[in-house]
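To start, the structure itself, in structure tokens.
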Amino acid sequence: MKKHIFKSVLIVVINLALLSCPAAETEPLPRMYPTFSFEGSWEEIGKQTALRFRDTVILTGFVFENFIGINADTALSYYEEIEDIIPATIKEQMRGMALGLSEYWNISYANAWERTLIVNFGIDILNKNKYDPPDDGCTAFAFHSADGTFLCHNTDNSKSNLEMGSLIHYMPDNGDNAFISFFAPAFVGVSLAINDKGLALTYNVGGQNKNPAPGLPVLFKTREVMATSDNLTQAVDMFTDFLDEGHLYGYGTANFLLVDFNNATMARLQVCSDDIKVTYGRPLEGKEGVTCLAFTNDFDEDFSTRDPDNINESSLERYERLLEILPGFEKYDIRTCWEMLSDTAGGDPTDNTICRRGEKTITTLTNIFTASTAYYTVGPPCEYFTMYDEPMSLVLDHGVKPSISGTVTALGRPLDRARVILKSDSNQGVEQTTYTDSTGLYAFNNLVEGTYRLQVNKFFHLPAMMSVDYQTGEEKQVDIKLLF
């Protein structure tokens with residue numbers, strides 16, 4: 001079984017290496033993210049996540065351990081040091097992930113638990129007692145006007161991360177809020193999300209940590225906020241009360257932007273291990289009725305002074321460009337959001353433009369949250385809209401809906417763990433893979449209209465392929481029978 005795991009990891013590592021190579025100009029960006037809905041207890045949600053993304057979780061742990069040097073002993077020691085301040089439901093979710101990995105890969109629970117800890121504490125351990133200006137980074141802004149309230153964000157990351165994200169609708173059954181999250185599924189933390197109470201947040205890597213210390217990873221706190229906060233006041237209080245109670249956040253810093261769509265309020269939270277600065281939305285000068293907030297990665301000088309030897313030039317240039325273009329619009333609506341997020345300062349995208357494509361870093365995901373809809377594009381939006389007519393969107397009241405789903409059987413019996421690949425014949429950039437569950441069920445959710453090919457395979461079984469025409473709004477049942 002260890003050989004089986006290593007082979008799968010090796011395949012994904014090779015794919016990552018290929019993804020990191022410069023793409024040809026004609027190569028399309030991904031049209032959309034794989035979209036899933038997980039419900040039940042937090043432990044069940046964690047298990048469902050691990051079973052659906054079993055390769056991703058194992059791969060991420062493999063990279064942290066073998067390429068970055070964060071081993072199981074280090075991760076376990078960090079977990080034990082801060083275990084008492086980790087919210088109970090997050091520990092439940094991680095236990096569920098370990099159960100899912102153990103079940104699928106046929107490894108011991110202890111081994112699966114170590115993999116889960118390496119993944120979820122790796123970034124914080126990596127940031128221990130150091131700060132280097134990141135190659136990646138993000139741009140965030142929000143505004144409220146007569147045309148509505150908008151929370152906007154460009155996620156900038158390495159090119160290899162372009163196709164590593166997912167859209168997941170979490171629906172816990174313990175009374176916690178349901179929420180939609182855009183993030184790599186291997187992590188229990190939350191970085192881009194909106195919950196069913198109308199509270200949304202985005203995450204930027206922050207500046208210099210003034211007094212770095214072991215503590216709660218900041219994205220664990222945002223996961224707790226999404227699950228339990230009903231409004232902006234509660235969310236901000238949760239962040240500040242945690243420090244007031246004598247606890248600490250971890251080594252990783254953050255710039256969070258939160259928006260409450262119920263009352264059009266917004267706040268920026270700059271977070272270090274032992275300190276937080278909260279800034280609320282301000283009127284945009286010369287624009288009556290417009291309130292806004294905008295920032296990139298650096299902290300305010302009065303919160304954490306920049307190290308002159310570690311200047312994040314990209315963050316500074318993107319922030320200056322934000323301040324330059326923000327006052328220049330007649331209307332502050334969703335069209336303005338896309339125009340700002342796609343800005344390249346009149347030239348080609350670079351490492352220092354808002355819409356980025358540099359030597360190492362590109363914009364991997366763009367989000368716009370409104371009171372009713374979560375919009376997104378994959379890859380630099382300045383390029384995405386040259387390939388596709390419109391962004392992807394998820395109407396919040398509708399949630400995640402199956403588009404094409406069914407049961408895979410072999411010799412009349414449900415076939416579990418079969419690989420199901422979906423490719424579009426009519427829409428470029430749409431290719432997804434999922435696996436059947438223990439009942440043989442598979443599903444592809446929230447697809448764009450078009451013609452798709454489904455291919456099913458599992459070792460020792462004869463593959464099958466079929467074509468499916470899908471119309472928007474359909475919930476198409478497509479059962480697939482393998483001869484043996």
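The values are calculated or read from the model by the stated rules, or taken from the named source; none is laboratory data. Just so it is clear, the structure is predicted and the values come from calculations on it, not from any experiment. Reconstructed Cβ throughout: ideal geometry from the backbone, glycine too, with neighbour counts over all protein chains shown.
At least 1 residues that are free of Cβ contacts under 8 Å to residues at least 24 places away in the same chain and in contact with a strand residue (DSSP E or B) (Cβ under 9 Å, 6 or more places away or on another chain) in each: list the strands (runs of 3 or more DSSP E) lying fully within the range 240-297 that qualify.
Values: elements: 254-260, 265-271, 276-280, 291-295.
Strands (runs of 3 or more DSSP E) meeting the threshold: 276-280.
Among what's in the range 256-273 and is touching a helix residue (DSSP H, G or I) at 6+ places or on another chain (Cβ under 8 Å) and farther than 17 Å from residue 139 by Cβ, pick the residue that is surrounded by the most Cβ atoms within 10 Å (Cβ to Cβ). Show your work before the answer.
At the first step, the residues of the range 256-273 found to be touching a helix residue (DSSP H, G or I) at 6+ places or on another chain (Cβ under 8 Å) are 256, 258-260, 263, 265-267, 269, 271.
When the remaining residues are screened for being farther than 17 Å from residue 139 by Cβ, the result is 260, 263, 265, 267, 271.
On the way: 260: 23, 263: 13, 265: 19, 267: 21, 271: 27.
My answer is 271.
Would you pick out the residues in the range 139-187 that are of a type in the set (Asp, Glu) and assigned to a loop (DSSP other than H, G, I, E, B)?
Scanning the range 139-187 gives 147, 163, 173, 176.
Identify all residues within the range 168-181 that are farther than 11 Å from residue 194 by Cβ and either crowded, with 20+ Cβ neighbours inside 10 Å or free of Cβ contacts under 8 Å to residues at least 40 places away in the same chain (or both); write none if there are none.
Scanning the range 168-181 gives 168, 170, 172, 175.
Give me the pairs, please: first residue somewhere in the range 456-482 and surrounded by 16 or more Cβ atoms within 10 Å (Cβ to Cβ), second residue anywhere and polar (S, T, N, Q) and assigned to a loop (DSSP other than H, G, I, E, B), beta-carbon distance under 9 Å, and either six or more positions apart or on two chains.
456/436; 458/436
What residue, of 470, 375, is aromatic (Phe, Trp, Tyr) and either under 30 Å from residue 138 (Cβ atoms) or assigned by TED's automatic domain parsing to the domain that holds residue 141 (or both)?
Numbers: 470 fails: either under 30 Å from residue 138 (Cβ atoms) or assigned by TED's automatic domain parsing to the domain that holds residue 141 (or both).
Sole residue among the options that is aromatic (Phe, Trp, Tyr) and either under 30 Å from residue 138 (Cβ atoms) or assigned by TED's automatic domain parsing to the domain that holds residue 141 (or both): 375.
Can you name the number of the only condition in (1) at pLDDT 90 or above; (2) crowded, with 20+ Cβ neighbours inside 10 Å; (3) within 20 Å of residue 394 (Cα to Cα) that residue 124 fails?
(3)
Being among the polar types (S, T, N, Q) and out of contact with any Asp or Glu (no Cβ under 9 Å at 6 or more places or on another chain) is the filter; apply it to the range 210-261 and report the residue that is modelled with the lowest pLDDT. Full working, then the answer.
Of the range 210-261, the ones among the polar types (S, T, N, Q) are 211, 222, 228-229, 231, 233-234, 240, 253, 255.
Within this subset, residues satisfying the condition of being out of contact with any Asp or Glu (no Cβ under 9 Å at 6 or more places or on another chain) are 222, 234, 240, 253.
Working: 222: 98, 234: 98, 240: 98, 253: 95.
Out of the qualifying residues, it is 253.
Residue check, residue 467 against (1) in a strand (DSSP E or B); (2) on the phi > 0 side of the Ramachandran plot, all met but one. Which one?
Going through (1) in a strand (DSSP E or B); (2) on the phi > 0 side of the Ramachandran plot one by one, residue 467 breaks only (2).
Within the bounds of the range 274-296, is there any residue that is under 24 Å from residue 214 (Cα atoms) and crowded, with 21+ Cβ neighbours inside 10 Å?
Checked the range 274-296: no residue is under 24 Å from residue 214 (Cα atoms) and crowded, with 21+ Cβ neighbours inside 10 Å.
Can you go through 417, 413 and tell me which one is surrounded by fewer than 20 Cβ atoms within 10 Å (Cβ to Cβ), over 23 Å from residue 447 (Cα atoms) and over 19 Å from the mean Cα position of the chain (by Cα)?
413
Over 17 Å from the mean Cα position of the chain (by Cα) and buried (at least 20 other Cβ atoms within 10 Å of the Cβ), is that true of residue 83?
For residue 83, the condition - over 17 Å from the mean Cα position of the chain (by Cα) and buried (at least 20 other Cβ atoms within 10 Å of the Cβ) - is not met.
Go through (1) in a loop (DSSP other than H, G, I, E, B); (2) more than 20 Å from residue 169 (Cα to Cα) one by one and return the number of the condition residue 397 breaks.
(2)
Got a sec? Which of 235, 267 is in the same structural domain as residue 152 (by TED's automatic domain parsing) and more than 27 Å from residue 306 (Cα to Cα)?
235
Within the range 191-208, can one find any residue that is farther than 28 Å from residue 292 by Cα, modelled with pLDDT of 95 or more, polar (S, T, N, Q) and not in a strand (DSSP E or B)?
No, that holds for no residue.
Could you check how many residues of the range 371-384 are within 20 Å of residue 257 (Cα to Cα) and crowded, with 20+ Cβ neighbours inside 10 Å?
So the count comes out to 3.
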